[in-house]
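Here is the structure we will look at.
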Amino acid sequence: MGKARYTMYARRRLGLFASVFSGVLIVSLFILTSWYRGGYAGPGPVCAFTEGAVVVGFYLGPNPNGWIFEKVNYAPKSVWWPRMSPGPAFLAIVPLWMPFLLSVMTSAVLWRRYYAIPPGLCRQCRYNLTGNVSGVCPECGEKVQRR
Ligand SMILES: [Zn+2]
């Protein structure tokens, strides 16, 4: 295995790990926000997690909240659909299943790419077909795919 190929695999493994890790992190935040909310809520940029959603945007109104970390003191209700916040702010409330779905799709793509069969190997049994002229895998009889 050449150095370039090794580096490529290492990078793909890192990407796959990062994607799966972010998915796990999002699920953890979803569960955690049933009891706690936290983040930064102005003045200026806002990024906070609450009720199974992430709130992002800008808060320009009076009485900004700053850094918050508090117990949600009412029955947990998750946010399921995105909406814009009313009031003197530009806030988008994005339910966490949306970035979770994104991370699942990214993970699936990266997973497929990471475990893809390298060129030059039989697609059926991974036998090395370098220099094959018969057009058929000598190991399992699979037709050789020319790429
Ligand atoms: Zn084969």
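Read-outs: derived from the displayed coordinates by stated rules, not from any lab. None of these values were measured; they are calculated from a predicted model. Here the Cβ positions follow ideal geometry from the backbone for every residue, glycine too, while neighbour counts run over all protein chains shown.
Please compute the length gained on full extension between Tyr127 and Gln145, using 0.36 nm multiplied by the number of residues separating them and subtracting their Cα-Cα distance.
Values: separation 18, 0.36 × 18 = 6.48 nm, distance 1.27 nm.
So the chain would gain 5.2 nm between Tyr127 and Gln145.
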Trp80-Ile68 pseudo-label distance in nm [points 7 Å out on the Cα-to-Cβ vector]: 2.3 nm
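Set the Förster radius R0 to 25 Å, insert the Cβ-Cβ distance between Trp111 and Leu25 as r into 1/(1 + (r/R0)^6), and round the FRET efficiency to 0.05. Can you show the working numbers first?
Details: r = 18 Å, r/R0 = 0.70.
With a Förster radius of 25 Å, E is 0.90.
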Return the unpartnered cysteines for the chain, using a Cβ-Cβ cut-off of under 4.7 Å. Cys47
Treating the angle as unsigned and between 0 and 90°, give the value, to the nearest 10°, between the Cα long axis of helix 97-114 and the longest Cα principal axis of the chain. 20 degrees
Using only the Cα atoms of region 34-95, build the gyration tensor, take square roots of its eigenvalues as a ≥ b ≥ c, and label the shape rounded, prolate or oblate: rounded if a/c is under 1.5, else prolate if a/b is larger than b/c, else oblate. oblate
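Apply the a/c threshold of 1.5 to the C-alpha gyration tensor of the chain and tell me whether it is rounded, prolate or oblate. Mind showing how you got there, number by number?
Details: a/c = 3.92, a/b = 3.35, b/c = 1.17.
Taking the square roots of the gyration eigenvalues as a ≥ b ≥ c, the chain is prolate.
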